[in-house]
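Colleague: Got a structure for you, questions after.
The values are calculated or read from the model by the stated rules, or taken from the named source; none is laboratory data. None of the values given here were measured: they were computed from a predicted structure. With ideal geometry, Cβ positions are generated from the backbone for all residues, glycine too; neighbour counts draw on all protein chains shown. For accessibility, only protein heavy atoms count, side chains too; no ligands or nucleic acids. Shrake-Rupley method; radii C 1.70, N 1.55, O 1.52, S 1.80 Å.
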Amino acid sequence: MHPPEDGKKHRSRRNFLGQALTAAGTAIAAPSLLQQTTAAQAEKPAITPKPGEMSVTLNINGKQQALAIEPRVTLLDALRERLGLTGSKKGCDHGQCGACTVLVDGQRVYSCLALAVMQEGRQIVTVEGLAKGDILHPVQTAFIENDGFQCGYCTPGQICASVALLDEVKRGCVSAITPDLSTPPQLATLSEAEIKERLSGNLCRCSAYNGIVAAVQQATGQAPPSPAAAMLVREPEEIPV
Ligand code: FES
Ligand code: FES
């Protein structure tokens, strides 16, 4: 017969094994339970649509967001007015400034020109979703370190566009000024002119362009030489009298 201490040890081992198996079972069962819960949440709109509204579930920054909205509501308005995600800015509301740029399935999109109801099933990332907790996205860090903003109003769109730019180059996408279409640009050698061309859909009224170009150069892994980030400003030609 085992002494009482030994018996306690046996019971402890049994308890431990029981707990471990329960935990393992839970871990195995958890994904299916999670899927059921997620599916149930996705099916059930959080808000009952009023006449003229539609139920839509958007995946924004990794979270499912159920909305009841009119079909004419833009993604920008849904983000800002309905979900409180005010990082994306409304500059022109006409697809001209890029302040509202967000990522949809990894591609940059002017959210002022996109209808929210058409984004179901897509992965939407706003500037709020780029950082992982307190750890900034490398492009965000590069903007800070290179003073890529002044008033900051255009900055969220510039940052989202820059994140997309890096992915586009990694995928081998060419731009309108790529000299040789058979050899797409590489991040390590991406020229200043390419960066400017690829960011030309985003305007900055206080002209933080030098810092923005330097930030993108840093994010590509290049050492950003400040003179290389200088704007290509042409002196006005003298007008003959
Ligand atoms: S607010 Fe969308 S492009 Fe200007
Ligand atoms: S930082 Fe002000 S408009 Fe760009």
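Colleague: What are the pairs with Cβ atoms under 7 angstrom where one residue, in segment 49-65, is on the phi > 0 side of the Ramachandran plot and touching a residue at least 40 places away in the same chain (Cβ under 8 Å) and the other, located anywhere, is among the charged types (D, E, K, R) and buried (at least 16 other Cβ atoms within 10 Å of the Cβ)? Sequence gap at least six, or different chains.
Modeller: N61/E128
Colleague: Tell me, please, whether a residue that is of a type in the set (A, V, I, L, M, F, W, C) and open to solvent by less than 20 Å² (accessible area, probe 1.4 Å) can be found in segment 197-205.
Modeller: Checked segment 197-205: at least one residue is of a type in the set (A, V, I, L, M, F, W, C) and open to solvent by less than 20 Å² (accessible area, probe 1.4 Å).
Colleague: Shifting gears a bit: Cβ-Cβ distance below 6 Å, separation of 6 or more or different chains: which pairs start in segment 83-98 with a residue that is in contact (Cβ under 8 Å) with a residue 24 or more places away in the chain and within 16 Å of N59 (Cα to Cα) and end on one that is more than 6 Å from ligand 1 (Cβ to nearest atom) and open to solvent by 40 Å² or more (accessible area, probe 1.4 Å)?
Modeller: Sorted first by the residue in segment 83-98, then by its partner, the pairs are L85/E128.
Colleague: Among the residues of segment 152-164, are any open to solvent by 10 Å² or more (accessible area, probe 1.4 Å) and more than 20 Å from A131 (Cβ to Cβ)?
Modeller: No.
Colleague: For segment 113-128, enumerate the residues that are crowded, with 19+ Cβ neighbours inside 10 Å and within 15 Å of Q158 (Cα to Cα).
Modeller: Hits for segment 113-128 are V125, T126, V127.
Colleague: Moving on to the next point. Kindly indicate whether V109 is in contact with a Leu (Cβ under 9 Å, 6 or more places away or on another chain), part of a strand (DSSP E or B) and either away from ligand 2 (no atom under 16 Å from the Cβ) or under 29 Å from M54 (Cβ atoms) (or both).
Modeller: Yes.
Colleague: Which numbered condition trips up V117, out of (1) within 20 Å of E197 (Cα to Cα); (2) assigned to a helix (DSSP H, G or I); (3) away from ligand 2 (no atom under 16 Å from the Cβ)?
Modeller: (1) is the only condition that V117 fails.
Colleague: Do you know which residues across segment 129-149 are outside any helix (DSSP H, G or I), touching a residue at least 60 places away in the same chain (Cβ under 8 Å) and surrounded by 14 or more Cβ atoms within 10 Å (Cβ to Cβ)?
Modeller: Those that are outside any helix (DSSP H, G or I), touching a residue at least 60 places away in the same chain (Cβ under 8 Å) and surrounded by 14 or more Cβ atoms within 10 Å (Cβ to Cβ): N146, G148, F149.
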